[in-house]
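Encoded as structure tokens, the structure appears first; notes follow it.
The values are calculated or read from the model by the stated rules, or taken from the named source; none is laboratory data. Just so it is clear, the structure is predicted and the values come from calculations on it, not from any experiment. Every residue, glycine as well, gets a Cβ built from its backbone with ideal geometry; the counts of neighbours run over all protein chains shown. Calculation scope for accessible area: heavy atoms of the full protein, side chains included, ligands and nucleic acids excluded. Shrake-Rupley method; radii C 1.70, N 1.55, O 1.52, S 1.80 Å.
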Amino acid sequence: MDLIATTPALAEACSRFAGQPFVTVDTEFMRETTYYPKLCLIQMAGPDGSGVLVDPLSPDIDLAPFFALMADEGVVKVFHSARQDLEIIWLLGGLLPQPFFDTQVAAMVCGYGDSVSYEQLVNDVAKAKIDKSSRFTDWSRRPLSDAQSSYALSDVTHLVKVYEVLAGQLLSTDRGEWLDEEMSVLTSPETYKADPAQAWRRLSGRMRKPREIAVLAEVAAWREREAQTRNVPRGRILKDEAVIDIATSAPRSVEALGRLRSIPAGFERSRTGTDILAAVERGFQRDLSDIVLPERSRGRGGNGAVVELLKVLLKAVCEAEDVAPKIVATMDDLEAIAEDDEADIAVLHGWRRTLFGEKALALKAGRLALSAENGRIVVRELN
């Protein structure tokens with residue numbers, strides 16, 4: 001298939017899709033050597049299964065018609081596992097698709113398991129198979145091979161059937177509200193704003209000392225800003241292992257920084273070493289009363305057994321209701337429930353509370369019992 005490589009051709013294709021109730025969308029991108037993703041290909045298909053491939057690397061194309069289609073509220077934009085696709089649209093177009101449908105999230109709501117792959121979903125729902133041999137090829141090279149084009153197009157043409165089946169299941173089970181709540185997170189700009197001040201959270205692990213968290217926050221923020229400015233992966237600036245090592249060791253001199261095994265020899269005397277030591281000092285200057293430890297860093301206290309029971313209950317409830325546990329509650333949620341009946345978490349609000357939260361509180365209070373019967377967990381109310 002020929003690539004759409006000019007603005008008029010893209011405008012014509014988007015005009016056709018704008019008259020349809022939905023359009024399936026996917027992107028191919030690369031970010032191995034950059035901080036921000038490099039968009040290499042856009043795929044779209046309509047309800048009749050006819051698809052197009054768009055070349056965003058062409059010097060003769062302006063993606064404005066594509067972004068206008070993404071903003072068209074009369075057309076549902078359908079993706080699978082959309083987070084990275086939406087990040088690209090947000091970064092390049094300054095908008096997020098509305099209305100929007102993610103088939104991976106819908107599949108979890110409909111009982112296809114946690115984070116079901118597109119390949120498996122196509123096999124189960126569309127009864128088709130996808131050749132994944134081109135998945136990790138270099139999408140920036142031109143021309144694309146026939147195998148690449150075929151693979152890329154299949155990512156949106158099969159998605160038509162998947163969407164139609166899942167949308168029908170959601171309608172029949174009246175679970176649309178469940179999906180809407182998840183979609184609202186994916187279509188929030190806050191989801192895609194890489195705030196350097198929050199970069200430490202993905203590295204905090206089980207850190208329990210406020211001073212370690214303070215130094216970690218400053219070093220991680222410095223690294224994030226450097227990666228963004230230079231548009232390189234954060235690991236090219238400093239490995240995660242080194243950031244954590246610096247946070248726990250808190251070196252305050254060139255010699256102390258040089259003694260860390262995770263720091264390459266001579267690194268401590270470079271400009272980067274100077275920047276790291278400055279970040280460590282900022283960590284020491286922070287007011288520790290403002291440091292809030294991550295929930296999981298606080299530990300379970302004496303609630304470990306309760307958390308294990310809640311895990312079993314979650315599995316039993318989700319099997320009975322045919323919904324993926326991941327979309328109902330996380331391990332953090334279970335730990336929070338074990339610690340506090342009034343915890344302000346999603347699973348104790350809305351449909352999640354009705355489905356699982358009330359049962360979790362009842363189990364904790366001794367009003368529910370769990371037993372094993374014929375290889376399955378049975379939940380019983382106690383008088």
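Numbers below:
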| quantity | calculated |
| --- | --- |
| Residues of segment 25-39 satisfying the condition of being among the aromatic types (F, W, Y) and open to solvent by 30 Å² or more (accessible area, probe 1.4 Å) | F29, Y36 |
| Those residues of segment 53-91 which are among the acidic types (D, E), out of contact with any Phe, Trp or Tyr (no Cβ under 6 Å at 6 or more places or on another chain) and open to solvent by 30 Å² or more (accessible area, probe 1.4 Å), in sequence order | D60, D62, D72, E73 |
| Entirely in segment 191-305, the helices (runs of 4 or more DSSP H) that have 1 or more residues that are within 29 Å of the chain's Cα centre (by Cα) | 210-230, 234-237, 240-249, 271-285 |
| Residue pairs meeting the criteria (Cβ under 8 Å; at least 6 apart or on separate chains; first at pLDDT 95 or above, in segment 1-27; second in a strand (DSSP E or B) and of a type in the set (F, W, Y)) | F22/F101; T24/F79; V25/F79; D26/F79 |
| Residue within segment 155-168 that is polar (S, T, N, Q), under 16 Å from G51 (Cα atoms) and out of contact with any helix residue (DSSP H, G or I) (no Cβ under 7 Å at 6 or more places or on another chain) present | yes |
| Evaluation of D155 against (1) open to solvent by 20 Å² or more (accessible area, probe 1.4 Å); (2) closer than 30 Å to L57 by Cβ; (3) of a type in the set (D, E, K, R) (one fails), failing number | (1) |
| Test: residue in segment 265-281 that is modelled with pLDDT under 95, out of contact with any helix residue (DSSP H, G or I) (no Cβ under 6 Å at 6 or more places or on another chain), closer than 25 Å to P210 by Cβ and surrounded by 14 or more Cβ atoms within 10 Å (Cβ to Cβ) | no |
| Subset of segment 169-183 [in a helix (DSSP H, G or I) and open to solvent by less than 40 Å² (accessible area, probe 1.4 Å)] | L170, G176, W178, L179, M183 |
| Subset of segment 329-350 (residues that are loosely packed, with under 15 Cβ neighbours inside 10 Å and assigned to a helix (DSSP H, G or I)) | M331, D332, G350 |
| Leading residue by the ranking (most open to solvent (accessible area, probe 1.4 Å)) among those in segment 102-144 that are more than 27 Å from T33 (Cα to Cα) and among the polar types (S, T, N, Q) | Q120 |
| Top-ranked residue in segment 40-52 [being open to solvent by less than 20 Å² (accessible area, probe 1.4 Å) and in contact with a helix residue (DSSP H, G or I) (Cβ under 7 Å, 6 or more places away or on another chain); ranked as farthest from L3 (Cα to Cα)] | G46 |
